[in-house]
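Novice: Before I ask anything, here is the structure I am working with.
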Amino acid sequence: MVGVTSRGVSYQVHTDQLPGSFFGPSTLVELLRHRALHQGNDAGFRFLLDGEKAEVAWTYADVDRKARAIAASLQAMGMEGERALLLYPSGLDFVAAFFGCLYAGVIAVPAYPPRRNRNMARIDAIANDAEAKIALTTFEVLERVQTMITDTPALQRIRWRATDQWDEEQADQWRRPDVHGDTLAFLQYTSGSTGMPKGVMLTHSNLMHNSAMITYAFEHSRSGSGMFWLPLYHDMGLIGGILQPLYMGRPNLLMSPTHFLQRPVRWLQAISQSGATISGGPNFAYDLCAEKVSAEQKRTLDLSRWSLAFNGAEPVRAETIERFSQAFAECGFRREAFYPCYGLAEATLIVAGGYKQTEPVVQSFDLHALEKHEVVPVPSDAPHARELVGSGGNLLDQNIVIADPDTFEPCTANQVGEIWVSGPSVAQGYWRREEATHETFQARLRDGRGPFLRTGDLGFLHKGELFVTGRLKDLIIIHGVNYYPQDIELSIDGAHEKVKPGAGAAFAVGDQGAERLVIVQETERGRHLNFEEIVAAIRKRVANEMELAVSAIVLLKTGSIPKTSSGKIQRHACQAGYLAGTLAAVATWSAETGQVEVVKSARRRGVDADLDDGVDDGIDYDADGLEAAADLPQAPVAPKAMNGAAAHLPTKPASYSHANGAAAQGADPRLTGNRAQIIEVVYAKVREIGRERVGELDWDVNIVELGLDSLERMEIVASLEEAFGGRFPDSILPSMETCGEVVEAIEQFMGGQLKDRKTAPVAYEVPEEDYQFAKSADFLRLQENFKLTTQHGMTNPFFTVHEGIMNDRTIINGQEYVNFCSYNYIGMSGDPVVVRATQEAVARYGTSVSASRLVSGEKPLHGALERGIADFIGAEAAIVLVGGHATNETVIGHLFGAGDLILHDALSHNSIMQGAILSGARRRPFPHNDWRALEKILSEIRHEYRRVLIVVEGVYSMDGDYPDLPQFVEIKKRHKAYLMVDEAHSIGTMGLHGRGMSEHFGINPRDVDLWMGTLSKSFGSCGGYIAAQKEIVEYLKYTAPGFVYSVGLSPANAAAALASLNLLQEEPERVARLAENSRLFLRLAKDAGLNTGNSNNTPVVPIITGNSAHALQLSQLLRGRGVNVQPILYPAVEERAARLRFFITSNHTPEQIHYTVRAVAEELDSIDPSYRGADRPLPELLHSHSNDRMGVLPPR
């Protein structure tokens, strides 16, 4: 747990209680340095240069060195504390520059990469607002931008540098900056007009906490990997695609958004080929794939490993989830992989999320009630039902409240209000905008609670699920009734076949004190549209479904409606354009005249340059150099903006010059040689995409002016590359406008020859890694893990052969060692009494029961063992299974299912996780040992589920700590839940007589519903058990697959466990000796300055080195001193949590323990003198015992 201060409020953040964040870094500088030092050779980021096969890969060490080189240069320029614009195409250069800024203490300002002069006004406004002192970019962009800044004063004042040209040798000159959690890391500029950009101030603490929340919400593991195509300058691409993978220490595959939009199947191919487990994007991306990916392409896809498909940044539609799930079910995609979520830049990124691998929550509500700010659930087929997709619920260390935006009173459960958020992820405010910061970030409820972030979004919480209904300022109020623009817009979808779905805006304008409804709507493409018919259909639909009269309708050309950088319709920009008369209209209608007016030349009407941003498809996905697919005018240019506009355009390369004017009559002299064939292919591809909008084509026809949207232009590029078997370089795409220029580019860069279709494979070629396991990514990753031992000249520490009984001592290769690798805690394995009982059982019953116990495998030993376990624990009955792992998998997976909820500790054993997944129930981790967090979760969502299971462990096997069990019992009673305790490491070790956690805490064992334990530790055998109410045990014995369809416990194992149980009750002093030894080891280790983590007087004591190489080296050095202990290395644990794990037993002697702790301290001093402190002496107590290891190995 670390302390975080956000906007003057202190929070305790549980980053140390989540997988992947053990070491709790406070800054991104510390995070990347840690990865570079401890995982330097691990792949950090890979980028698909062509969107398919060609890639460049950087390790963490690569990123670190490049960042240090950039930082050193910035430091030499005196830039610390200043702002730096980052203007990069998609690629890894952006990653290096971003971290280079952080490494230099410079505040990064990511922005749209320049594309001609289209978005230079916005970049200029951002540079001016941020008071940027330098702009960082690539050499190629720098060359282009020089001709684009003549009318951008802020950009002319700052320095421009190309970081891909800097010498990496400068990395050695880097000085670590004075940054901490509260230091600003970067400014995230939100969507809006060019006039008033707002930079959200995000600190290192904001980013670290949001990364921890994503880890918690997405239930990340170190076996997962990601694939992202989202723009890196956008919050979802930067934080989700760069910072979150770095936080987890897992590789991420990146792709240009342009390559995705050119061929949407590339996204899914990248997921399929890389085996990515997490990827996602806005809602439209899933629609695009469902529409564009062919049946043949689907046959090449394997999406079965894609376990989390996040959907956010724009409204999530239930029909999209259904359409995509059905379309790609044959590829292995599962509907439950969908993960709708909600967030915004002002809260860093994520705010709310649901449960991994559970179906999205889709619920219908009464539309008329919502208009009155009331929440009334209704069946999906009810009249006036509106279907909403839930965005999940509250996440770690933060609070979501629904507040009345006018009175600031908390809303009741059945009211719609404004979504307010508080917590460590909430940003510090808007850069240089105190008034806006106070209004947005420092809101307080009427009762004084706060501060809260006012999101400006309207919504409500229903059964713990957040439903977003609209924007506060977008609300339309007519005759005292509230209307959500989304509802009106949805009603228009499908009103007419030429109405483009999802491309309309509804808003109100004032007229003599009254509000009038205006609708702006894109039409589908077509040369002879019946505008009167379309207008009539829209008016009729709105009147019938919304009971509203429309005052004005503006029909727009396709692709011209303004959108934000995250793909949302800019209603305010539409309103401003309507009032100014600057929208790209093709027809208008007003109630005042009752007439439809067709705009003869939309181009002459013009458009305000301020509305240029985002009128493509939302995010500037193509803003990374592929301008031919994006720079087509999306709205006509106003006459006032035309003056001198040509001066801002980049000069076209000489090789693409052509004669101006129309082509000469007759044969075109330019169509010589193979050109005639090439241009026919170009014509065919343009007609194929543009269809009826394409008229006569010739050499000089400008494709840009055909009215195709950016997606269609990308399709033309992609189809030509497919036809000619090559790639257009990114740098020449801006110059390809006419058919002739396209032909010249094909000749120069693709040879001008059509790809020979006969040589194309007739069947999909299966890569070797998919059928030769030795070449599979899974196996190769395993081999990477072995490199640590070979790099340091050490032997593999795993699968060590022990040549006798493992107790306090063991024999390896004929050599005897003090042994701390065995959980033979109380010496039952190898005890003569236990061995004798086992031998007698084998002689009497054989070596196997040779059947399931249900049919004919039952032996007297089984019943005696189960009765003995139940009596020992204090339960009504017990059942024994053949394996401990299988016990958890079987019982959890069998007793709970759909409609249930499983809440487990974040550090739960793998068997618990697997059982929860197998069950099909919803599951959610809670922070380690945090019963308060559990209480909060149950208070919010218990009522939504049938059965709820809470799972904790008695003693946690990795850290040696344990939960406050009485608190968990109280919570389970209060919320009428089931409680399960995994006592694998606490039965026989905790409590006066070894009866486990119930005896340790003095609680009634029947207050716990399921006591799970293993027979392999304190009971010297093998297997697992459940002790519970007799009804539960009876049900399991007749129905649990892992019991019914499995052989019964062998006679030898049953006899060994029964004899151990009886011997433990006869000799409870074994438990006392174990407790004494455990306390001694822990006390000595702490006194010696060793890091024992959270261990709390249990027989599990870690010595945390924080470095896998050191842990491995220490293990081998101790072997040389006669001590056998196993290292736990990355990726089994986070690198900073690498350790040796000591299992203490009742047979260990004080001499062995003293000797071992001293040896650990001395060898650690030799490895890293700074670990304990160079001048820290060993305690006198350790000096008083023999240094001769043979003195601690008495003869047997």
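The values are calculated or read from the model by the stated rules, or taken from the named source; none is laboratory data. Just so it is clear, the structure is predicted and the values come from calculations on it, not from any experiment. Positions of Cβ are generated from backbone atoms using ideal geometry, with glycine treated the same way; all protein chains shown enter the neighbour counts.
Novice: Being more than 38 Å from the chain's Cα centre (by Cα) and buried (at least 24 other Cβ atoms within 10 Å of the Cβ) is true for just one of Leu1064, Leu1080, Leu1074, Leu1114. Which residue is that? Don't jump to the end; show me each part of the working.
Specialist: Numbers: Leu1064 fails: buried (at least 24 other Cβ atoms within 10 Å of the Cβ); Leu1080 fails: buried (at least 24 other Cβ atoms within 10 Å of the Cβ); Leu1114 fails: more than 38 Å from the chain's Cα centre (by Cα).
Residue meeting the stated conditions: Leu1074.
Novice: Sticking with this one: Quick check: anything in segment 117-126 in contact with a strand residue (DSSP E or B) (Cβ under 6 Å, 6 or more places away or on another chain) and either crowded, with 23+ Cβ neighbours inside 10 Å or charged (D, E, K, R) (or both)?
Specialist: yes
Novice: Which one is farthest from the chain's Cα centre (by Cα) among residues in segment 488-516 that are in a strand (DSSP E or B) and under 22 Å from Val598 (Cβ atoms)?
Specialist: The extreme case among them is Val499.
Novice: Any idea how many residues of segment 303-321 are modelled with pLDDT of 95 or more and farther than 19 Å from Lys356 by Cβ?
Specialist: The number of residues fulfilling the criteria is 0.
Results for (1) among the hydroxyl-bearing types (Ser, Thr, Tyr); (2) buried (at least 19 other Cβ atoms within 10 Å of the Cβ); (3) not in a strand (DSSP E or B), shown as yes or no for each residue.
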| site | (1), (2), (3) |
| --- | --- |
| Lys976 | no, no, yes |
| Ser986 | yes, yes, yes |
| Thr989 | yes, yes, yes |
| Gly1013 | no, yes, no |
| Phe1019 | no, yes, yes |
| Lys1037 | no, no, yes |
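Novice: Mind listing just one residue for me: the one in segment 425-443 that is touching a residue at least 60 places away in the same chain (Cβ under 8 Å), of a type in the set (A, V, I, L, M, F, W, C) and not in a helix (DSSP H, G or I) and, of those, farthest from Leu187 (Cα to Cα)?
Specialist: Val426
Novice: What are the residues in segment 403-424 that are surrounded by 22 or more Cβ atoms within 10 Å (Cβ to Cβ) and outside any loop (DSSP other than H, G, I, E, B), if any?
Specialist: Ala403, Gly417, Glu418, Ile419, Trp420, Val421, Ser422
Novice: Determine whether segment 946-963 contains at least one residue that is in contact (Cβ under 8 Å) with a residue 60 or more places away in the chain, aromatic (Phe, Trp, Tyr) and surrounded by 19 or more Cβ atoms within 10 Å (Cβ to Cβ).
Specialist: For segment 946-963, residues in contact (Cβ under 8 Å) with a residue 60 or more places away in the chain, aromatic (Phe, Trp, Tyr) and surrounded by 19 or more Cβ atoms within 10 Å (Cβ to Cβ): present.
Novice: Among the strands (runs of 3 or more DSSP E) lying completely within segment 342-400, list those that include at least 3 residues that are under 24 Å from Ala933 (Cβ atoms), modelled with pLDDT of 90 or more and within 19 Å of the chain's Cα centre (by Cα).
Specialist: Qualifying strands (runs of 3 or more DSSP E): 350-353.
Novice: Those residues that are over 20 Å from Tyr484 (Cβ atoms) and of a type outside the set (A, V, I, L, M), I need them from segment 541-588; list them, please.
Specialist: Residues satisfying the conditions are Lys557, Thr558, Gly559, Ser560, Ser565, Gly577, Gly581, Thr582, Thr588.
Novice: Report yes if Ala1027 is of a type outside the set (S, T, N, Q) and either assigned by TED's automatic domain parsing to the domain that holds Asn888 or surrounded by fewer than 18 Cβ atoms within 10 Å (Cβ to Cβ) (or both), otherwise no.
Specialist: Criteria met by Ala1027.
Novice: Mind counting the residues in segment 140-161 that are farther than 14 Å from Pro114 by Cα and within 32 Å of the chain's Cα centre (by Cα)?
Specialist: 0
Novice: In this structure, is Ala875 in the same structural domain as Met997 (by TED's automatic domain parsing), aliphatic (A, V, I, L, M) and either part of a helix (DSSP H, G or I) or without any contact (Cβ under 8 Å) to a residue 40 or more places away in the chain (or both)?
Specialist: Details: in the same structural domain as Met997 (by TED's automatic domain parsing): yes; aliphatic (A, V, I, L, M): yes; either part of a helix (DSSP H, G or I) or without any contact (Cβ under 8 Å) to a residue 40 or more places away in the chain (or both): no.
Against the criterion (in the same structural domain as Met997 (by TED's automatic domain parsing), aliphatic (A, V, I, L, M) and either part of a helix (DSSP H, G or I) or without any contact (Cβ under 8 Å) to a residue 40 or more places away in the chain (or both)), Ala875 does not qualify.
Novice: Could you list all residues from segment 88-113 that are modelled with pLDDT under 95 and either within 22 Å of Asn128 (Cβ to Cβ) or acidic (Asp, Glu) (or both)?
Specialist: Hits for segment 88-113 are Tyr88, Ala111, Tyr112, Pro113.
Novice: For segment 88-114, give me each residue that is in contact with a Lys or Arg (Cβ under 6 Å, 6 or more places away or on another chain) and β-branched (Val, Ile, Thr).
Specialist: The answer is Ile107, Val109.
Novice: Another one. Residues that are surrounded by fewer than 24 Cβ atoms within 10 Å (Cβ to Cβ) and under 30 Å from Leu466 (Cβ atoms): does segment 268-276 have at least one?
Specialist: Yes, the conditions are met somewhere in segment 268-276.
Residue by residue, here is whether (1) over 28 Å from Gly830 (Cβ atoms); (2) touching a Phe, Trp or Tyr at 6+ places or on another chain (Cβ under 7 Å) holds:
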position: Leu1036; (1), (2): yes, yes
position: Ser1050; (1), (2): no, no
position: Val1071; (1), (2): no, no
position: Asn1096; (1), (2): yes, yes
position: Pro1099; (1), (2): no, yes
position: Ser1108; (1), (2): yes, yes
position: Leu1112; (1), (2): yes, no
position: Pro1127; (1), (2): no, no
position: Tyr1130; (1), (2): yes, no
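Novice: Scanning segment 226-249 for residues that are out of contact with any Leu (no Cβ under 8 Å at 6 or more places or on another chain) and more than 12 Å from Ile214 (Cβ to Cβ), which turns out surrounded by the fewest Cβ atoms within 10 Å (Cβ to Cβ)?
Specialist: Looking at residues that are out of contact with any Leu (no Cβ under 8 Å at 6 or more places or on another chain) and more than 12 Å from Ile214 (Cβ to Cβ), I get Gly249.
Novice: Does any residue in segment 965-985 that is touching a residue at least 60 places away in the same chain (Cβ under 8 Å) come within less than 9 Å, Cβ to Cβ, of a residue that is in a helix (DSSP H, G or I) and of a type in the set (Ser, Thr, Tyr) six or more places away or on a different chain, and which pairs are these?
Specialist: Close Cβ pairs satisfying both conditions: Asp982/Ser911; Ala984/Ser911.
Novice: For the structure I just gave you, tell me whether Thr588 is over 40 Å from the mean Cα position of the chain (by Cα) and surrounded by 20 or more Cβ atoms within 10 Å (Cβ to Cβ).
Specialist: Yes: the conditions hold for Thr588.
Novice: With (1) crowded, with 17+ Cβ neighbours inside 10 Å; (2) among the small types (Gly, Ala, Ser); (3) over 29 Å from the mean Cα position of the chain (by Cα) as the list, and Ala427 as the residue in question, which single condition is left unmet?
Specialist: (3)
Novice: Still on this structure: Within segment 1068-1086, is even one residue touching a Gly at 6+ places or on another chain (Cβ under 7 Å), part of a loop (DSSP other than H, G, I, E, B) and in contact (Cβ under 8 Å) with a residue 12 or more places away in the chain?
Specialist: yes
Novice: Moving to a separate point now. Which members of segment 1150-1196 meet the condition of being at pLDDT below 55 and closer than 23 Å to Arg1139 by Cα?
Specialist: Arg1189
Novice: Tell me which residues, restricted to segment 1075-1094, are touching a Lys or Arg at 6+ places or on another chain (Cβ under 9 Å) and small (Gly, Ala, Ser).
Specialist: Ala1088, Gly1089, Gly1093
Novice: Quick check, is Val1044 modelled with pLDDT of 95 or more and either of a type in the set (Val, Ile, Thr) or in contact with a helix residue (DSSP H, G or I) (Cβ under 6 Å, 6 or more places away or on another chain) (or both)? Walk me through how you get there before you give the answer.
Specialist: Working: modelled with pLDDT of 95 or more: no; either of a type in the set (Val, Ile, Thr) or in contact with a helix residue (DSSP H, G or I) (Cβ under 6 Å, 6 or more places away or on another chain) (or both): yes.
Criteria not met by Val1044.
Novice: Does any residue of segment 111-121 turn out to be of a type outside the set (A, V, I, L, M, F, W, C), in contact (Cβ under 8 Å) with a residue 12 or more places away in the chain, in a strand (DSSP E or B) and in the same structural domain as Pro177 (by TED's automatic domain parsing)? Working first, answer last.
Specialist: Just the residues of segment 111-121 that are of a type outside the set (A, V, I, L, M, F, W, C), to begin with: 112-119.
Next, from what is left, pick out any that are in contact (Cβ under 8 Å) with a residue 12 or more places away in the chain: 112-119.
Now restrict to residues that are in a strand (DSSP E or B): none.
No, there is no match, as no residue in segment 111-121 is of a type outside the set (A, V, I, L, M, F, W, C), in contact (Cβ under 8 Å) with a residue 12 or more places away in the chain, in a strand (DSSP E or B) and in the same structural domain as Pro177 (by TED's automatic domain parsing).
Novice: Sticking with this one: Would you pick out the residues in segment 47-94 that are hydrophobic (A, V, I, L, M, F, W, C), buried (at least 20 other Cβ atoms within 10 Å of the Cβ) and under 29 Å from Gly725 (Cβ atoms)?
Specialist: Just the residues of segment 47-94 that are hydrophobic (A, V, I, L, M, F, W, C), to begin with: 47-49, 54, 56-58, 61, 63, 67, 69-72, 74, 76-77, 79, 84-87, 92, 94.
Then drop every residue that is not buried (at least 20 other Cβ atoms within 10 Å of the Cβ), which leaves 47-48, 63, 67, 69-72, 74, 79, 84-87, 92, 94.
The answer is Phe47, Leu48, Leu92.
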